[in-house]
Amino acid sequence: MNILADKTILLGVTGGIAVYKAVDICSKLTQAGADVRVLMTHSAQKFVSGLTFGAISGQQPVTDLWQLYEGEKIGHVTLAHKAQLFIIAPLTAHTLARLALGMGDDPISATALSTTAPLLLAPAMEANMWQHPATQANLQTLMARGAYIVGPESGRLASGASGIGRMSEPADIVEHARTLLGRNGPLSGLRITISAGGTREWVDPVRFMGNRSSGKMGVALARVARDQGAQVTLIYGSMSVAPPLGVRAVPAIRASDMLRVTLELLPETDVLISAAAIADFRPVVTHDTKLKKDTGAGIQLERTPDVLKAVGERRQELGMPKLVVGFAAETSDLLQNAQRKMASKNLEMIVLNDVSATDAGFGVDTNRVTLLTRDGAVESLPLLDKETVAYHILHRVRGLLGRQSIGWSPGVGSVLP
Ligand code: CTP
């Protein structure tokens, strides 16, 4: 279920102060179930001992080109063939240059030459080194060969100065690793648009009508769809979590924004999943200035557009999306209400949420849903974390599309957003 589980990931660590962050990357990948094999340069070992990485990953790091591994095999050769992804973090200007030249006299550069796994590079160095034309030219060379680059970011550097050169955060590097590993997944080639979060309808410049949605369910769907290779667009309202890396994120704060953005994206949407809690009412008038208390408390409301109803009408003429999935936030007559919504909104599937529960629905990390499809099938899932719920929903989407896994071919590398 988790894209990192059982994947063999090489983590090349070169000598910079950010080696301490590489320990966190190693830990995050290992905890997610990946088989992490660490390779270190001599300079990296001056910052953190190989023992630390060995203890965290459960595997002895490769620190020498001729180190034997798993019996009598040569470490870098064995690992190059096993790897599904090669992350080098931190990557110094020196090793970056060596990779660009195609050198192979240390475990990291030799493995980079021998492996066909994608390379995910996280440079970290002083700003002047990063901006030096030699470094930039080397970077272009590596990207032209298909390497993926994450960072560096701006901030405080080892010298104490501020500037560009900080290694990206471990959590972001792990997100990019997930994205790269998932590219040839079962949803590759599919364009999925997901709405998430709650809408806000403005009363005046400081007040709004909103709801309890945190966006966690929609973000989990976006992440899992991305991990399975889909090209994901997230239309998001008010959320307590950030959109995941590797998805296109489009803000839409009012119901009318959700409607406009969703309709604009329909021609490029194969599957639409509407997880957003979209307002049903809005103030008739939005005041330009803050309402004073002596003007009275009465706010007149009117209906907002129903986004899924509008999609239902538009998809007839467009022939897109192929599949529309809605959510039903209910507190009573759960199944009947969900079934009615699936029919009236012309959906292939609806995800029923009992939003009166405290451990499921709005705001929490877990959810308990029932999946209903047009053919009358009803599947109730137990309480699960939202990513696992997302996995089940997307599994059903694949089934409804009658979809087989399709291949992926490596292209030219790029700087990751
Ligand atoms: N939805 C929508 N446009 C709205 C309101 C909701 O497209 N103005 C979508 C939601 O994203 C969800 C589905 O419709 O996928 C059902 O939303 P829900 O709030 O459960 O139902 P409503 O249609 O708002 O109906 P009611 O409030 O009467 O339950």
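General observations
- For the chain, with +1 on Lys and Arg beta carbons and -1 on Asp and Glu, the positive-most of PRO382, TRP66, PHE281 along the dipole: PHE281
- Solution diffusion estimate, µm²/s, Stokes-Einstein, the chain, Kirkwood Rh from C-alpha pairs, 10 °C, viscosity 1.306 mPa s: 67
- Lysines with Cα under 21 Å of LYS28, excluding same-chain neighbours fewer than 8 positions away: LYS7, LYS82, LYS216, LYS386
- Positive contributions from Lys and Arg (+1) and negative ones from Asp and Glu (-1), summed over other residues with Cβ under 15 Å from the Cβ of LEU259, come out at +2.
- Estimated distance in nm for a label pair at LYS293 and MET209, the labels positioned 7 Å out from Cα along Cα-to-Cβ: 2.3
- Relative contact order [Cα under 8 Å, 6+ residues apart], the chain, whole percent: 13
- The length gained by stretching the chain between LEU263 and ALA134 to full extension, at 0.36 nm per residue less their Cα-Cα distance, is 41.8 nm.
- Coarse-grained scattering of the stretch 8-181 at q = 0.17 Å⁻¹, given as base-10 log I(q)/I(0) from a Debye sum over alpha-carbon atoms: -0.99
- A simple count of charges around GLU379, restricted to other residues whose Cβ falls under 13 Å of its Cβ and scoring Lys, Arg +1 and Asp, Glu -1, yields +1.
- Backbone N under 15 Å from the HIS42 label point (7 Å along Cα→Cβ), restricted to the stretch 105-123: 105-109
- Positive end of the dipole of the chain (Cβ unit charges, origin at the Cα centre): among ALA222, LEU39, TYR391, the Cα lying farthest that way belongs to ALA222.
- Taking chymotrypsin sites (Phe, Trp or Tyr not before Pro) across the stretch 32-77, the ones in a DSSP loop with at most 16 further Cβ atoms lying within 10 angstrom of their Cβ are TRP66.
- The length gained on full extension between LEU335 and GLN60, counted as 0.36 nm times the residue separation minus their Cα-Cα distance, comes to 93.6 nm.
- Here is the size of the stretch 1-101 from its Cα atoms: Rg then Dmax, 12.9, 39 Å.
- For SER344 and LYS82, a Förster radius of 41 Å and the Cβ-Cβ distance give a FRET efficiency of 0.20, rounded to the nearest 0.05.
- Whole-percent P(r), the stretch 104-218, all Cα pairs, 10 Å bins from 0: 11, 25, 27, 20, 13, 3, 0.
- Translational diffusion coefficient (Stokes-Einstein; Kirkwood radius from C-alpha pairs) of the stretch 145-283 at 20 °C, 1.002 mPa s, in µm²/s: 129
- Environment charge of GLY197, counting only residues whose C-beta is closer than 15 Å and scoring Lys/Arg +1, Asp/Glu -1: +4
- Point-charge dipole on Cβ atoms (K/R +1, D/E -1) for the chain, about Cα centre, debye to 20: 500
- Part-to-part distance (alpha-carbon centres) for the stretch 278-342 and the stretch 114-174, which is given in Å: 45
- ASP280-GLU169 FRET efficiency (beta carbon distance; Förster radius 51 Å; 0.05 resolution): 0.85
Coordinate-derived values only; no laboratory data. Because the structure is a prediction, the values reported are computed rather than measured. FYI the Cβ positions are ideal-geometry reconstructions off the backbone, even for glycines, and counts take in every protein chain you see.
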